[in-house]
Amino acid sequence: MRLHMKENYQQRQKERYHYGRWENGGCFLRPLQPFGKGYSIAMPPPNVTGVLHMGHLLNNTIQDVLIRYARQMGQCAFWQPGTDHAGISLQVKVEKELQKQGIFTKNLSREECLRHACNYRDAYGNIILDQLRHLGVSCDFSKKVHTLDPAYCRTVLAGFVELFRRGYIYRGRRMVNWCPVSQTAISDEEVIMEARRGKLYRIRYAIAELSGEYLEVCTTRPETIPGDVAIAVHPSDLRHRHLIGKHVCRPFPKKEIPIIGDSDVLQDFGTGALKITPAHDPVDFAIGQRHSLECLDILNGDGTLNALAGSELEGLSREDAREKSVQMLKNLGLLLEEEDYEHSVGISERSGKPIEPRLSDQWFLRYPQVERAKEVVRKGLIQFFPRHWEKTYLHWLDGIQDWCISRQLYWGHRIPVWYPKGGDRTDVSAWHVSVDGPPDPENWEQDEDVLDTWFSSAFWPMGTMGWPDPIAMETHHFQFYYPTAVLVTGPDIIFFWVARMIMMALEFLGRGDGEDLKNVIPFRAVYFTGIIRDSKGRKMSKSLGNSPEPLDLIEKYGADGVRFGLLSMAPIGQDVLFDEGRLKQGRNFCTKLWHACRFRMLQGDDFLPKLLLPPQRISGVDAAILLALIQLCEQLETALKNYEFHSAVQKVEHFFRSDYCDWFVEICKIRMKANPSLRAEILGVQDIVLRQLLQLLHPFTPFICEELWQTMGYGEGFLQDVSLLTGDGLKKQLEGLADFDGGTTAPVENLRETVGLLRALKASIGLANCKDVPMYCDGNWEEAAAEEHLFILKEMVGFSTVRVVNSLQGLSTVLTPLGTFAFEANGSDVDGAKEREKLLREAEALRSNIAANEKKLSDVKFCQRAPAEVVAGAKSLLMKNQKDLEEIERILHISQG
RNA sequence: GGGGAGUUAGCUCAGUUGGUUAGAGCACCAGCUUGACAUGCUGGGGGUCAUGGGUUCGAGUCCCGUACUUCCCACCA
């Protein structure tokens, strides 16, 4: 009969309830009066256009774990949330949206465009943060910062102005990556090289001075022929060098162009001759510069060909123009061959279309503080977890190129540079560069470009804390909370973001060395999460449809379950193969935790542990579980210190399930039944464990812990505010409260091992469910230990009595740390033959181990060179094996009769 | 082309400075409605630690080579 109705934990209902309580209770607020030590994390601001994905869940779970743990450890914890205006990404989305309504932004003024974009941002911008609430994030929403907030804009512009003044920012006409779809320049990091299948065309140009002779050239881009201004060959190329100085006829538009010699041309590629289109290829551009060649730009901003390409190609897209020019070459008899050719093409990360190298006027940043940025990481001032990302970081900084920071968009921080109205824009001395603009704006025109989104993000940790405004820095407690403790992000933005934040902080917050640097760096550690992939290892993406909906998962498994599951599958240093089964395990863990607490409560209110009184003397299984608990605390401290969340979660789950529930609680039931007077003491120990467990688990599964903390009555107020004892602290506390036998747990371990061995024996001979069978022994067991634990053994294993007999012959026998025991088999092994075989195998294994160990110990080198404890270990193992073997031989001898 | 990471049970991964007989979870098989929990319990099978050398008394662990996987960077028209 069941005493109680089945009951289950109403997970999502409780989660919603507690999140509301926390927010209303101000749990997440940055402490008003900072005290002690500050611990802050700046959340990587999600894009306002973003959709919550699995990466956000993992990333924010980790940050939440860290910030909650810091709170428990009594630190002033502040988690700064925010959103990123998302530059191109938002502008593209707004324009698509407007197009549906028949509105085209090219017909609108900049102000009107901005208004639409702001509306869009305001409508969708907070969705993702709101979604994150379901996960239980404890960031201080009242301090939320958006990258286009007025205050943050001042940060960004001040950064620009100062970098300009210091000579790091300049304007120049350079070859940049042009996205013809978004019609803006993009940075090198936003270009993804992709292998694309195309054709390599072998074509020939007639040599003007030598009628009937041709120079052959290979190209993948025949549509750029109108932009050709020369053909280059290697000056020492015997096939071609006599042609240098002569000319070829460009077929369309018809023109004679020179043949030049340049050693950048690869002799062994294609025909060894390279057509030079300086406006549309970086290598060609460089060659063109060297030879003072004209730059013939035949493309419009949208990627179509312009009038310079000639009337036949003008207006065509790049793709159409390629087809057309191939046809034209064919017609002219100049196309010799086309072969399939796979080569890598630069693709715009945003539009997915090939970028176009384009010469244009742009703003560039020469990175400041490159060497010191390397140094702070190399010297461990900023620690990377996992460490190997250091190499990627350092390598990138080694080959760093100037960064094109201007974008031809309206959505973003507009470049704070003004030119005299109608004046010459190239005259730098006439420019006005300031955060607030010129006092007489009517006489000036502001630069049209905006800054790359990542430029604004580079100031995130300092900007959110008020930099550079001294008053704002004061109110944000910059001194107290900066630098942030840790940055939690993906390794894919190590260049985009991590490196740039470090350089900006070093540039602006001080130039000191040594100790000073500790207050300058933007974060003391960077934890790189893995990228979440599907079970087949593919990146999760919308197009593949392999990404589960995060909110559905939270509905299904609860926020606690999702958090626990995600952490358990996220080992340090590797990508995460997503497995929904883990989330289920997470939920199951929570359910079991709830039931374990429920069991405690069902023992009666009179024992409800307001005071947590342990027994006067703690020993035996009580001491063992408490020691394991202390050890668990220590393991968690280490794991969290090293950002080993995977290991933390695994350790706590193992302790709870295996040590506490399956072993300790089951024994408690037996002890309480056998000796009701021990009830209060036993439950007291359970309370100590459960209370500590709820605290330990709070960072990982905050909701259920809060719920149980309240129902169990373990403390007043919010769980997060109760200071968490370290393993050492807990040990001291226990020693202070009771006579705590923290000594050897060997007897309990022996008991546990014996239980396991006897259960296995019973199962293997078909007695798993028989509890009324006698257990036999022939008198050689360690009675003292057995007596103390006999009733536990009886119930845990399931036997009626111990029958001492003269011989174990014909019985199924097993060696245990507490002695040799036997059962009378049921059906499958009536004469004990099966177990005898097992014993024979065991004896065999023991003999070979003994032989190996004897050999080892007789080896003089081993005894001399191995450490003493290893030698001693081998000796004691040898002895144990010999003893076990003797015992088995004795049993086998007896049982063979 | 340069660099990183990896290869341990069917799957996902642990495995501390080299030291007893290599672990966990999932999956699988068998048994169990047991007074918290079947979202559970008990038991079980399953690994030549990718491969070839080397160092060592001793190698999953350290060194060198090879193969494969994967990521990043650069890029030849």
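Bear in mind that the values in this text are calculations on the coordinates, not laboratory data. Not measured: the values here are computed from a predicted model. Methodologically, a virtual Cβ is constructed for each residue, glycine included, from the backbone with ideal geometry; neighbour enumeration extends over all protein chains shown.
A cut-off of 5 Å between modelled amide H atoms, ignoring neighbours fewer than 5 places along the same chain, links A:Leu336 with A:Arg202, A:Ile203, A:Arg204. Remark on A:Val417: its backbone amide H falls under 5 Å from those of A:Asp447, a criterion applied only to residues 5 or more positions apart or on other chains, H modelled at 1.01 Å from N. In sequence order, the range A:264-269 has phi-based couplings of 6, 6, 7, 5, 8, 9 Hz under the Karplus curve 6.51 cos²θ - 1.76 cosθ + 1.60, θ = phi - 60°, and Gly or Pro positions carry x. Over the range A:391-475, all Cα pairs binned in 5 Å intervals from 0 give whole-percent P(r) values of 3, 12, 14, 16, 18, 15, 12, 6, 2, 1, 0, listed from short to long. Of all beta bridges that DSSP places with both ends in the range A:394-547, some 65 percent have antiparallel geometry. Based on Cα contacts under 8 Å between residues 6+ apart, chain A shows a relative contact order of 11 percent.
Here is the list for the range A:133-222: trypsin sites (Lys or Arg not before Pro) lying in DSSP coil, each with at most 16 other C-beta atoms within 10 angstrom of its C-beta, are A:Arg166. Taking amide H positions as modeled 1.01 Å from N, with prolines and chain starts lacking one, the residues under 5 Å from A:Phe578 and 5 or more places away or on another chain are A:Arg533, A:Asp534, A:Ser535.
Full extension from A:Gln99 to A:Leu857: what is 0.36 nm times the residue separation minus their Cα-Cα distance, to one decimal in nm?
264.5 nm
Can you work out the FRET efficiency for the pair A:Lys875 and A:Arg133, with r the C-beta to C-beta distance and R0 = 60 Å, to the nearest 0.05? Between A:Lys875 and A:Arg133 the formula returns 0.50. Multiplying the residue separation of A:Ile400 and A:Asp149 by 0.36 nm and subtracting their alpha-carbon distance yields 87.3 nm. Exposed loop sites were defined as GluC sites (Glu not before Pro) in DSSP loop states (anything but H, G, I, E or B) carrying at most 10 other C-beta atoms within 10 Å; in chain A the longest segment without such a site runs A:8-715. Of all DSSP beta bridges confined to chain A, the antiparallel ones make up roughly 70%. Computed over the range A:267-365, relative contact order equals 19 percent, with contacts defined as Cα pairs under 8 Å that lie 6+ residues apart. With the convex hull drawn over the C-alpha atoms of chain A, the volume per residue is 262 Å³.
Note on A:Lys324: lysines with a C-alpha under 28 Å away, same-chain residues under 8 apart excluded, are A:Lys199, A:Lys254, A:Lys255, A:Lys275, A:Lys353. Under 16 Å of direct C-alpha separation, and excluding same-chain neighbours fewer than eight residues apart, A:Lys669 reaches these lysines: A:Lys794.
The phi-based Karplus calculation (6.51 cos²θ - 1.76 cosθ + 1.60; θ = phi - 60°) puts the 3J(HN,Hα) values of the range A:678-689 at 8, 3, 4, 5, 5, 5, x, 5, 4, 4, 4, 5 Hz, whole numbers, x for Gly and Pro. Pairs with C-alpha atoms separated by more than 23 Å, drawn from the list A:Lys518/A:Lys641; A:Lys93/A:Lys421; A:Lys838/A:Lys880; A:Lys536/A:Lys592; A:Lys379/A:Lys518; A:Lys106/A:Lys144, are A:Lys93/A:Lys421; A:Lys536/A:Lys592; A:Lys106/A:Lys144.
Using the Cβ-Cβ distance between A:Ile192 and A:Glu23 with R0 set to 45 Å, the FRET efficiency works out to roughly 0.65. With θ taken as phi - 60° and the Karplus curve 6.51 cos²θ - 1.76 cosθ + 1.60 applied, the whole-hertz 3J(HN,Hα) list for the range A:693-708 is 4, 4, 5, 4, 7, 3, x, 8, 10, x, 5, 5, 5, 4, 4, 6 Hz, x standing for glycine and proline. Label positions at A:Val370 and A:Asn300, each projected 7 Å from the Cα along the C-beta direction, are separated by 3.9 nm. For a paramagnetic label modelled on A:Asn8 (point 7 Å from Cα along Cα→Cβ), amide N atoms under 13 Å away belong, within the range A:526-568, to A:556-558. What does a probe at A:Val428 reach in the range A:163-190, counting residues whose amide N is under 18 Å from the point 7 Å along Cα→Cβ? Within reach of a label on A:Val428: A:163-175. In this simple spin-label approximation, A:Arg239 and A:Val805 carry label points 7 Å from Cα along the Cα→Cβ vector, and these lie 9.5 nm apart. Rounded to the nearest 0.05, what FRET efficiency is calculated for A:Arg387 and A:Arg598 with R0 set to 45 Å and r the Cβ-Cβ distance? After rounding, the FRET efficiency stands at 0.55. Once you reduce the range A:805-822 and the range A:170-209 to the center of their Cα atoms, the two points are 83 Å from each other.
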